[in-house]
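Contents: one structure, followed by commentary.
The values are calculated or read from the model by the stated rules, or taken from the named source; none is laboratory data. Since this is a predicted model, take the numbers as computed values, not measurements. When we count neighbours, we look across all protein chains shown, and the Cβ atoms used for this are built from the backbone with ideal geometry, even at glycine.
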Amino acid sequence: MRYVMLLSMLAACGNSLRDDRFPTGSSTIVTNRSHDAVYNVNVDEGTVSRTDLVTGAVSEVEVGSEPTRIARVGDELWVTLKGERGIGVLSDDEGSMKMQQTLPAGIEPAGIVATEDGRRVYVANTGSDQVTEYDGRTREKLRTFPVQDAPRFLALHPNDRVLFVASTRNGTLSWIDLANGEVHPMDLPETSRDTQDGEVPLGPRITGDISVLPDGTEFAVPVVYADTTTSVDEAEDPEQPSPDGYGSSVGIGVGRTNPSIVTFVLDGDGEPVPQGDAIFLATQPFSETEFSGAIPVFRSYPTSVTPSPDSQEWLVTMESSNALLVVSTEANDFGGMETMVDFASTDGGECRDCGMPFTSAQQGGFDVHSIAVVSTAVGPKGVVFDAEDRAMVHSWLDRAVESVPYSEASVAVRDLTKGDFRENLFVARGYQRVAEPSLPEDVEAGRRLFFSSLDSRMAASGAGISCSTCHMDGRNDGLTWNLRGQPRNTPSLAGPVYLTAPVTWSEEVDSVADEAMLTSSTRMGGQGLHETDALLIEAYINSTRYPDVPRFGETSDLVQQGEALFNRSDVGCGSCHNGDLYTDNDLHQIIGPMPTQTPTLRGIAASAPYFHDGSAPSLAAVVDMARDGSMGDTSMLSADERKALVAYLESL
């Protein structure tokens, strides 16, 4: 007996998965133990769907508000319920799913991962700035780990000792030593872009679910590197694309926004080596093929990265361009193809006269990773492998699960003798709808426009830009852009924005529809929306809810003290931030020479950074900056009173 127990313990501490299809990262889709059924979340419908991969039968069960990610925990399914601070626990008895329990979670739980043996479960609570550990068998909460900047995505090393956490703000990446609970920061690689004004740095933003290779040797993060320094100019003629807008850089090379995956080599203990590699996803544009009109635009943003079972490829979903990229994990020398590849002197790499799609690593040269592309249903977000190593993709906007030709794409990636781009383009085999849309038709149609980088009305061809590029989940990206020479912090679009019209920071644009027409036709380089289409986008934005915040509805003494201070005439917050939405909808000159709109304070704790120029990283910084009297006056408040004022803002 002692011998058997020792073997079991050694197996649990290995650096590789026992089942190389078991997910190491958080995802919107998982398989059962035998990999002949898949489960996916349906965020709008509040359900989980089960698809039998043998019979094709689909069943669905209600789980709660906004199911976001799903994990297999032993024989159970655990689902994060973003809209109700909960975790749903489901059972599946030969295809019959049942809700067993809803566990309490932190604010807006998102990513969830479990150990392969189901003993431990980890949940990222985006609004609480923490990760929670649960006992997978007793369902008890065991520990919490503080992680800053809205942690959302999780990945667990196969040795169960290292947990990776990716946050949605400031490119914050961390790993947690689960033996001692210590949280360690990680640095994303630095890279830059050559512009007419010289070399400018590119800022990273993490955009999707992360993963570790099944063999435990590498860790990958989906990232967009963005040039927020160079001014985003607008064309004088709204009928013409922007000369240097979001959509001005097309094709390959380094543009204003650059989808990538960042990879880190892991040591024998699963810990990352300090320096990672940024692999920019790019390919030569190709227009005249049988795929014309359906070729994915690669300058989109990645929403997940999933390893192949043999650890040879990363599968990357591109949400707004309806594409799955199959990328080799190892750089290639292309054998006898050296004459077909020509690199520019920039960091991004440029391929001229080469038919092979490729990605270029950004560290110390131009390592080339071969790539294949699969056109998918709308809104791909997660990938799993079934018992036959077929890749199954979950596309949330189509409520679809589909089998993609992974084996063919993998052969194309590994066969470096091919030089025809068309031989690396594939189309999925047709999807199966796993849930019926529950949203009103105008909201559904508007959201599809909002999340599309393929629609020529919305953005320039090849730019890979969509509204969702900057407004992640309809909220904000935490970045401050240079618009026509002025700093502009991306505002959150959560909640009924029409109630606080006029919109934008400084221009008095009458409605969300008007702003959608202006932004798409100028900065994004689109051909222009009809008013009818713009009203659909407005319907979607106005349908979203305000974010959940740490102290929402709290009536503690601290919050009540803060409310009294907020409304005190000498402090002056309530003079501009008044009414049900805490705004007078008027312009005020607060910072800089240009008057700006008073923003609503509903859900303000979830939309850092603050001010039109993003100069305040936190609500505490906002309250401290007001000590100079330029926006109310907090100079007479003690440190404890300022803390109470922040607590009140966190309750709105």
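Can you tell me which of Gly478, Gly464 is at pLDDT below 85 and either assigned to a loop (DSSP other than H, G, I, E, B) or surrounded by fewer than 18 Cβ atoms within 10 Å (Cβ to Cβ) (or both)? Step through it out loud before you land on a result.
Details: Gly478 fails: at pLDDT below 85.
Result of the check over Gly478, Gly464: Gly464.
Here is a yes/no grid of residues against (1) modelled with pLDDT of 90 or more; (2) of a type outside the set (D, E, K, R); (3) over 26 Å from Arg488 (Cα atoms):
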{"residue": "Ser630", "(1), (2), (3)": "no, yes, no"}
{"residue": "Asp633", "(1), (2), (3)": "yes, no, no"}
{"residue": "Ala639", "(1), (2), (3)": "yes, yes, yes"}
{"residue": "Arg642", "(1), (2), (3)": "yes, no, yes"}
{"residue": "Ala647", "(1), (2), (3)": "yes, yes, yes"}
{"residue": "Leu652", "(1), (2), (3)": "yes, yes, no"}
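So Leu645 clears everything in (1) buried (at least 19 other Cβ atoms within 10 Å of the Cβ); (2) of a type outside the set (Ser, Thr, Tyr); (3) under 25 Å from Thr504 (Cβ atoms) except one condition, right? Which one?
The single condition Leu645 does not satisfy is (3).
Tell me whether segment 70-82 contains one or more residues that are outside any strand (DSSP E or B), touching a helix residue (DSSP H, G or I) at 6+ places or on another chain (Cβ under 9 Å), surrounded by 16 or more Cβ atoms within 10 Å (Cβ to Cβ) and at pLDDT 95 or above.
Let us first name the residues in segment 70-82 that are outside any strand (DSSP E or B), namely 74-75, 82.
Right, trim to touching a helix residue (DSSP H, G or I) at 6+ places or on another chain (Cβ under 9 Å) and you get 82.
From the residues that got through so far, the ones that are surrounded by 16 or more Cβ atoms within 10 Å (Cβ to Cβ) too are 82.
If we keep only those that are at pLDDT 95 or above as well, we get 82.
Taking every residue of segment 70-82 in turn, at least one turns out to be outside any strand (DSSP E or B), touching a helix residue (DSSP H, G or I) at 6+ places or on another chain (Cβ under 9 Å), surrounded by 16 or more Cβ atoms within 10 Å (Cβ to Cβ) and at pLDDT 95 or above.
Can you name every residue in segment 555-612 that is part of a helix (DSSP H, G or I) and among the hydrophobic types (A, V, I, L, M, F, W, C)? First the steps, then the outcome.
First, pick out the residues of segment 555-612 that are part of a helix (DSSP H, G or I): 557-567, 573-576, 604-606.
If the condition is that a residue be part of a helix (DSSP H, G or I) and among the hydrophobic types (A, V, I, L, M, F, W, C), then Leu558, Val559, Ala564, Leu565, Phe566, Cys573, Cys576, Ile604, Ala605, Ala606 are the ones that fit.
Can we say Arg457 is farther than 22 Å from Leu601 by Cα, buried (at least 20 other Cβ atoms within 10 Å of the Cβ) and basic (Lys, Arg)?
No, not satisfied.
Report, by residue number, each residue of segment 190-215 that is charged (D, E, K, R) and either loosely packed, with under 15 Cβ neighbours inside 10 Å or farther than 18 Å from Arg152 by Cβ (or both).
Residues of segment 190-215 that are charged (D, E, K, R), as a first pass: 190, 193-194, 197, 199, 205, 209, 215.
Hits for segment 190-215 are Glu190, Arg193, Asp194, Asp197, Glu199, Asp215.
Quick one: which of Thr519, Thr532, Thr583 is under 24 Å from the mean Cα position of the chain (by Cα) and farther than 27 Å from Pro109 by Cα?
On the way: Thr532 fails: under 24 Å from the mean Cα position of the chain (by Cα); Thr583 fails: under 24 Å from the mean Cα position of the chain (by Cα).
Unique residue meeting the criteria: Thr519.
Residue under question is Ser456, and the condition is that it be in a loop (DSSP other than H, G, I, E, B), touching a residue at least 24 places away in the same chain (Cβ under 8 Å) and farther than 30 Å from Thr47 by Cβ; does it hold? Write out each step before concluding.
Values: in a loop (DSSP other than H, G, I, E, B): yes; touching a residue at least 24 places away in the same chain (Cβ under 8 Å): yes; farther than 30 Å from Thr47 by Cβ: yes.
In short, yes.
Is it true that some residue in segment 583-603 is without any contact (Cβ under 8 Å) to a residue 40 or more places away in the chain, among the polar types (S, T, N, Q) and buried (at least 17 other Cβ atoms within 10 Å of the Cβ)?
Yes, there is a match, as at least one residue in segment 583-603 is without any contact (Cβ under 8 Å) to a residue 40 or more places away in the chain, among the polar types (S, T, N, Q) and buried (at least 17 other Cβ atoms within 10 Å of the Cβ).
Results for (1) modelled with pLDDT of 95 or more; (2) farther than 27 Å from Arg21 by Cα; (3) crowded, with 22+ Cβ neighbours inside 10 Å, shown as yes or no for each residue.
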position: Arg137; (1), (2), (3): yes, no, no
position: Pro146; (1), (2), (3): yes, yes, no
position: Ala155; (1), (2), (3): yes, no, yes
position: Ala166; (1), (2), (3): yes, no, yes
position: Asn170; (1), (2), (3): no, yes, no
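For segment 541-585, enumerate the residues that are among the acidic types (Asp, Glu) and under 18 Å from Phe611 (Cβ atoms).
Asp584
Only residues that are under 12 Å from Ala226 (Cα atoms) and in a strand (DSSP E or B): list them for segment 178-211, please.
If the condition is that a residue be under 12 Å from Ala226 (Cα atoms) and in a strand (DSSP E or B), then Thr191, Ser192, Arg193, Val200, Pro201, Leu202, Gly203, Pro204, Arg205, Ile206 are the ones that fit.
Considering Val48, Val38, Val30, which residue is surrounded by 13 or more Cβ atoms within 10 Å (Cβ to Cβ), in contact with an Asp or Glu (Cβ under 8 Å, 6 or more places away or on another chain), over 23 Å from Leu439 (Cα atoms) and modelled with pLDDT of 95 or more?
Sole residue among the options that is surrounded by 13 or more Cβ atoms within 10 Å (Cβ to Cβ), in contact with an Asp or Glu (Cβ under 8 Å, 6 or more places away or on another chain), over 23 Å from Leu439 (Cα atoms) and modelled with pLDDT of 95 or more: Val38.
Looking at (1) assigned to a strand (DSSP E or B); (2) under 21 Å from Val232 (Cβ atoms); (3) acidic (Asp, Glu), which is the one condition that is false for Glu402?
If we test Glu402 against (1) assigned to a strand (DSSP E or B); (2) under 21 Å from Val232 (Cβ atoms); (3) acidic (Asp, Glu), just (2) comes out false.
Being surrounded by 23 or more Cβ atoms within 10 Å (Cβ to Cβ) and outside any helix (DSSP H, G or I) is the filter here, so list the residues in segment 504-546 that pass it.
Passing the criteria: Thr522, Arg523, Met524, Gly525, Gly526.
Residue-by-condition table, conditions (1) modelled with pLDDT under 90; (2) within 25 Å of Val646 (Cα to Cα):
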position: Thr490; (1), (2): yes, yes
position: Gly525; (1), (2): yes, no
position: Ile541; (1), (2): no, no
position: Gly553; (1), (2): yes, yes
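Taking segment 115-130 only, how many residues are part of a strand (DSSP E or B) and either buried (at least 24 other Cβ atoms within 10 Å of the Cβ) or out of contact with any Phe, Trp or Tyr (no Cβ under 8 Å at 6 or more places or on another chain) (or both)?
First, pick out the residues of segment 115-130 that are part of a strand (DSSP E or B): 120-125, 130.
Filter again for either buried (at least 24 other Cβ atoms within 10 Å of the Cβ) or out of contact with any Phe, Trp or Tyr (no Cβ under 8 Å at 6 or more places or on another chain) (or both), leaving 121-125.
Total meeting the criteria: 5.
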